[in-house]
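Below you'll find the structure, written out as structure tokens, and then a few comments.
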Amino acid sequence: MNSILKDAVVVPAGQGDAIGFLTWNSLSNMLITPDDLKQKLIDSGLGEGWMPNAIRLPDAFRRATSEKFKREMSPGVYENYMFREVASTSAFVQRNLVCETVDTKGRRLNYIPDVGSLVLDRKTEKVDASYVSSMAQQLVSNAALQFDIFRNNYGSTTLRTVITNALKSMSPTPVRPSGGVYFVPAQFDGNLDALIRFIVSLEKGEAEKVPVMNTLDMKNMVTRKLMDHLRSTLAACENGVENQLKKNDLKAILEDAKNVVSNFKDYESIVTGNLQEMEAYVALIRKRVAEALANMAD
């Protein structure tokens, strides 16, 4: 990344306008209320259209009971605590606190399926707790407190999804194999500024952008990265079908592939050399997506 950034910023501005921007962001764990999130989206210029779905009580309940706890009882012997869902109806959701005792070799020495429980009443929106030990009481009570927090706040996972979805609307191309840094074409400058304003307005958010100037070296760099992106997108489509991924997982891959095909038009004035190879990849991706969607419908 450092070499790319160095090349991107040392080009004198007089050699041409920016063809786009390199951008990256990060977000540490945080919480935010729906009202605060909505206001930040509006103030940044992104708009409230990027608001995530409303927080569902069962989702907040499951999130609050997703953590695990481990403690050593004696040398080489441990107790593992975790919540397991035992019932979900139109009236309630019940998750029991399970305790299993294991040794260092992974052998199960004991298993108790109900040292505690939490029951969410969907109608009253209240949680009923029970437990049989002081440790179970501590874990169940903590989960109940977490539920009160999660029912009223979005977490970092949701915020990262909002950020990713907004970025996807700007025809991004990854410039690192591991991801995290993207090229965004110049026509999305205003949208990118709004996204950056939104991210830095968050308590734990950071975001930057660096101009990529209109030089042959920079256009060659974008061309290489776009070609890599097309190849990896085609491979993801083919692997998803061959490995018979779950329908939802495959749909996500195909949706990303459709976006890549749609975004290609935003790069036609940027890429260098003969476009035929790229256009062939775009055609292949379009074909694989159509075939996969047709198979899913059968």
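The values are calculated or read from the model by the stated rules, or taken from the named source; none is laboratory data. Because the structure is a prediction, the values reported are computed rather than measured. Positions of Cβ are backbone-derived with ideal geometry, glycine not excepted, and every protein chain shown enters the neighbour counts. Only protein heavy atoms, including side chains, enter the accessible area calculation; ligands, DNA and RNA are left aside. Shrake-Rupley method; radii C 1.70, N 1.55, O 1.52, S 1.80 Å.
Data table
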| item | result |
| --- | --- |
| Accessible solvent surface per residue of segment 204-245, calculated while the other protein chains remain in place, 1.4 angstrom probe, Å² | 53 Å² |
| Å² per residue, accessible surface of segment 24-69 at 1.4 Å | 60 Å² |
| Of all accessible heavy-atom area on segment 57-151, the percent that carbon and sulfur account for (1.4 Å) | 48 percent |
| Those GluC sites (Glu not before Pro) in segment 253-297 that DSSP places in a loop and that have at most 10 other beta carbons within 10 Å | Glu268 |
| Angle in degrees between helix 216-242 and the longest Cα principal axis of the chain, rounded to the nearest 10 | 40 degrees |
| DSSP-assigned coil residues among trypsin sites (Lys or Arg not before Pro) in segment 106-164, each with at most 10 further Cβ atoms within 10 Å | Arg107, Lys123 |
| Given charges at beta-carbon only (K, R positive; D, E negative), |dipole| of segment 57-151 in Debye | 200 debye |
| Cα-Cα over 19 Å, subset of Lys38/Lys258; Lys38/Lys251; Lys38/Lys123; Lys251/Lys287 | Lys38/Lys258; Lys38/Lys251; Lys38/Lys123 |
| Calculated [θ] (222 nm, deg cm²/dmol) that DSSP helices of n ≥ 4 give over the chain, each run adding -39,500 (n - 2.57) | -15000 deg cm²/dmol |
| Degrees separating the helix 134-150 axis from the principal Cα axis of the chain, which is the longest one | 40 degrees |
| Mean Cα-pair separation over length for the chain, i.e. relative contact order, pairs under 8 Å, 6 or more apart, % | 24 percent |
| Tail weight of P(r) past 20 Å, computed on alpha-carbon pairs of segment 215-297, percent | 34 percent |
| Segment 42-83: trypsin sites (Lys or Arg not before Pro) falling in loop per DSSP and having at most 16 other Cβ within 10 Å | Arg56, Lys68 |
| Of Ser134, Val184, Gln146, farthest towards positive along the dipole that unit charges on Lys, Arg, Asp, Glu beta carbons give segment 99-206 | Val184 |
| Kirkwood Rh, angstrom, segment 57-151 [1 / mean 1/r, Cα pairs] | 13.7 Å |
| Shape parameters for segment 144-272, alpha-carbon atoms, Rg then Dmax in Å | 17.4, 59 |
| Accessible-area value, Ser134, 1.4 Å probe, nucleic acids and ligands omitted, Å² | 90 Å² |
| Apportionment of accessible area to carbon and sulfur, segment 215-297, percent (1.4 Å) | 49 percent |
| Kirkwood hydrodynamic radius (C-alpha pairs) into Stokes-Einstein, segment 74-218, 25 °C and 0.890 mPa s, D in µm²/s | 124 µm²/s |
| Rg to Rh, two decimals, where the chain supplies the alpha carbon set and Rh follows Kirkwood | 1.08 |
